[in-house]
Amino acid sequence: MKLRKLVALSAGLLLLLIPMVALAGGGAEEEREEEGLEIVTWWTAGGEAEALSALIDLYREQYPDVQVMNSTVAGGGGSQARGVLASRMVGGNPPDTFQVHGGAGIIGTWVVDDFMEPVTHILEDNDWMDVFPQDVIDILSYEGEIYSIPVNIHRSNVMWYNMAIFEENDLNPPETLDEFFEVAEVLQDRGITPLALGGTDGWEPTHLLESVLLAELGADGYRGLWNGNTAWDGDDVKAALGTFVDMLDYINADQSAITNIDAAEYVAEGEAAMTVMGDWVHGFYLAIGLTPGEDYGWIPTPGTGGNFIMLTDTFGLPKDAPNPNNVEKWLTVVASREGQDTFNPIKGSISARTDADRDKYDVYLLSAMDDFERDSIVPSVAHGAAAEVGWMSRLNDAMTFIVEDKDIEAAAAEMQSLADQYAR
Amino acid sequence: MIRSKREIRKAVLLVAPSIVLVGVFVYGFILWSLRTSVSAWEGIRPDYTFVGLQNYINLFRSTRFQIDLWNTAYFTLFFIVLCISLGFLLAFLINRNVRGEDIFRTIYLFPMALSFIVTGVVWRWMLNPTFGVNVILANLGLPSDWGWYTDPTRIAGFHVALTALILAAAWQFAGYTMAIFLAGLRGIPSEVVESARIDGASEIYIVRKVIVPMLKPITLSAVIVLGHISLKIFDLVMAMTGRGPRFATDFPGVFMFETTFTGNRYGEGAAISIVMLIMVAVVVVPYLYYSFKRED
């Protein structure tokens, strides 16, 4: 009878679902003894993915018995990966290790809620505490323990400029904010967009603001923004917001429609003269065939010379990771001089260590390394090193308003109320 | 109608799996979202501390959400009006036994086969202020300084930037309404139209007084389908414009996604999704009620 078949079929389908659900939830229990190492990242683009696989190859050379599983979750600049990660961690099925922005990005999200094991001993046991700058250790630490190992360092406060435009107009790249406005005025008069700024992803104005805040407040004042020592509604921050608003007079008209890479491309093509963006722009320029020091130049964002806004990708050890010993080996490889020098030249970032093999890095990266050794290092907020993601996302919203409204008082008040809620 | 107990048992068995699945995965999760929306959950670890309506109060106080609601209202209005009028026009023209009807029908229906992501990417390039259709307009000597989705201008709460999204969405769904109206037009008995014609009614009069009234139920279903699409709009916006200048092209769906999954503010994110659910329910539930009542 037909009906009976249908009943049997639907009952069968339901029965099929049950083991599927069980499998999805309980995969961890079936893991065998310390054979594997699962690494979750969101590195899918060319250089990033290559850099990771080079690092994994290095690990395999040293530990050939470990089955490395490279779980890349594509999409959304990491937001997809973070979604997958959140459900796995909360569901009690953590991966062995995962990519996470160092600093508040990992501390606010994972450490405070007690999802992570401290990994300070990996640096201590290998006598590596001194090869990582103290500023970096401070940014990565929470209550005296380090919770993740940085695999790279990117710099946020870099101004990229089109060298041809500066030569033709007989201008020098601006080192101070005053010089910036002088140069911008000249360029504007000659019909060249002085500053390219993006906005599609919501964080680009915040990226520019963090440089301006640093320029106006200095390193200590800037650090104080994130622990409550510097008032957001004080005169210094208002001055910085005023400078930011003044800069908006010199940007491209389609700010909200372009990404940070589009903005960099405007500079490459000579449609704009300068852009403030992290040093992945260098990797982008190399990829489209430009020559550093000929086609494009770079200096610290005006007013931030001597300071280095850093962001970093790190790996940590989740509580209840299935293979903690393999993770410790992985973190040791990541932190090693060889590991750093394998990963970073490919990724287009610098080593988090101060003893990197300089022969492996190109001209821009060498200049960044020199600054990294000398400068005061402060965390980036636009990239999750200075503030936890809740604060960051609401700061981005406030920035979206100020770009159009140009209302400094309202922005300062809103930012102060965010700091009241989040600073610690 | 008399049914045997055996038959009833079978019927229950048959629908039980879907009732269980829908119960858990739709209604169960709605209740879960509801619970989250009145909780203090921020960060990764679930925190169901009851905070009453605090998340909703914060939400309705936030300028961004107010903009989102306005945007939703305007977008829904213009999107539906444009789809219905364009769809009706296309269906009406095609229904006049034009040559190559099949080809036109297919062409107009094709955009429906795309996902909103594809539509969004295509229209994002086309309406880019620096190298999109503005270039064509400039070559034709027409005004070409349109900002499209980068235009922050507001007129009575309506963001001009929304026009770009409305155009793209209507482009995709006008074909769908055309198909619905075409089916409706074909369903109108030719006797009715012909007798009106014999009575001396003009073509325009026939459209106004005969065809349009007879298409009312179909128009209603089209409005419902389009309405719930536009109230939940997300993928098109993400692919095409993002939040836009001063949130000119921001919608509750985008706000929900960013709040929950990039900001880890689960309580507030759930509150946004509940508000969206209520908005859709306001549109859909009366319609379902109405159509069930008619079936009885």
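What follows is calculated from the coordinates using simple rules that are stated; it is not laboratory data. Just so it is clear, the structure is predicted and the values come from calculations on it, not from any experiment. Methodologically, a virtual Cβ is constructed for each residue, glycine included, from the backbone with ideal geometry; neighbour enumeration extends over all protein chains shown.
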For region A:56-62, what does the Karplus curve 6.51 cos²θ - 1.76 cosθ + 1.60, with θ = phi - 60°, yield as ³J(HN,Hα) per residue in whole Hz, taken in order and with x for Gly and Pro?
5, 4, 4, 5, 5, 4, 7
Rounded to the nearest 5, what is the percent of antiparallel bridges among the DSSP beta bridges in chain A?
55
Find, to one decimal place in angstroms, the Kirkwood hydrodynamic radius of region A:276-424, where the mean of 1/r is taken over every pair of different Cα atoms and then inverted.
18.2
Fewest first, what order do B:T219, B:T150 take by the number of other Cβ atoms within 10 Å?
B:T219, B:T150
Suppose R0 equals 35 Å. What FRET efficiency, 1/(1 + (r/R0)^6) with r the Cβ-Cβ distance, do A:D127 and A:N229 give to the nearest 0.05?
0.60
Once you charge only the Cβ atoms, +1 for Lys and Arg and -1 for Asp and Glu, what is the size of the charge dipole of chain A about its Cα centre, to the nearest 20 debye?
2100
Ranked by how many other beta carbons lie within 10 Å on average, peptides A:284-294, A:131-141 from highest:
A:131-141, A:284-294
Please give the direction-averaged projected area of the C-alpha convex hull for region B:83-147, in square nanometres with one decimal.
6.2
Bins of 20 Å, starting at 0 and running to the largest distance - Cα pair percent for the protein assembly as shown:
15, 43, 31, 10, 1, 0
Just to check, using Stokes-Einstein with a Kirkwood Rh over alpha carbon pairs, what's the diffusion coefficient of region B:26-67 at 37 °C and 0.692 mPa s in µm²/s?
292
Could you list log10 I(q)/I(0) for region A:241-314 at q = 0.24, 0.28 Å⁻¹, which the Debye formula gives when each Cα is one point scatterer?
-1.32, -1.42
Which value does Rg/Rh take for region B:162-235 over its C-alpha atoms, Rh per Kirkwood?
1.12
Report, ordered by chain and residue number, the lysines lying within cross-link reach of B:K5, taken as a straight Cα distance under 24 Å and ignoring same-chain residues fewer than 8 apart.
A:K2, A:K5
Within chain B, which whole H helices from DSSP have a Cα span along their axis of at least 30 Å and a mean Kyte-Doolittle hydropathy of 0.0 or more, if any?
B:63-94, B:162-187, B:266-295
When the expected Rg is taken as 2.2 N^0.38 Å, what fraction or multiple of it is the alpha-carbon Rg of region B:1-158?
1.69
Measuring from label point to label point, each 7 Å out along Cα→Cβ, what is the B:V133 to A:A164 span in nm?
3.3
Taking the alpha-carbon centre of each part, the distance from region A:264-285 to region B:78-92 in Å is 44
Could you let me know the centre-to-centre spacing of region A:98-158 and region A:376-403, using Cα atoms, in angstrom?
19
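How big is the convex hull of the Cα atoms of region B:239-282, per residue, in Å³? Please report the intermediate quantities before stating the final value.
Details: hull volume 3.5 nm³, N = 44.
Looking at region B:239-282, the number lands at 80 Å³ per residue.
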Radius of gyration and maximum dimension Dmax of region A:298-377, Cα, Å
15.1, 48
Could I have the simple spin-label model distance between A:A74 and B:V122, label points 7 Å from Cα toward Cβ, reported in nm to one decimal?
2.1
Can you pull the Rg over Rh of region A:371-424, Cα-only, Kirkwood?
1.07
May I have the extent of the alpha carbons of chain A along their three principal axes, as whole Å values ordered from largest to smallest?
82, 58, 44
Whole-Hz Karplus couplings 3J(HN,Hα) for region A:327-338, θ = phi - 60° and coefficients 6.51, -1.76, 1.60, Gly and Pro as x, run 5, 4, 5, 4, 5, 5, 4, 4, 7, 5, 4, 5
Exactly which trypsin sites (Lys or Arg not before Pro) in region B:85-167 are in a DSSP loop and have at most 15 other Cβ atoms within 10 Å?
B:R96, B:R99
What ³J(HN,Hα) values, in whole Hz, does the Karplus curve 6.51 cos²θ - 1.76 cosθ + 1.60 give for region A:274-279 when θ = phi - 60°, with x put for Gly and Pro?
9, 8, 9, 7, x, 7
If chain B were replaced by its equivalent ellipsoid, with semi-axes equal to the square roots of 5 times the Cα gyration tensor eigenvalues, what would those be, largest first, whole Å?
37, 33, 16
Mean shadow area of region A:140-193 over all directions, Cα convex hull, nm²
6.2
Please report how far the C-alpha centroid of region A:311-365 lies from that of region B:202-269, rounded to the nearest whole angstrom.
46
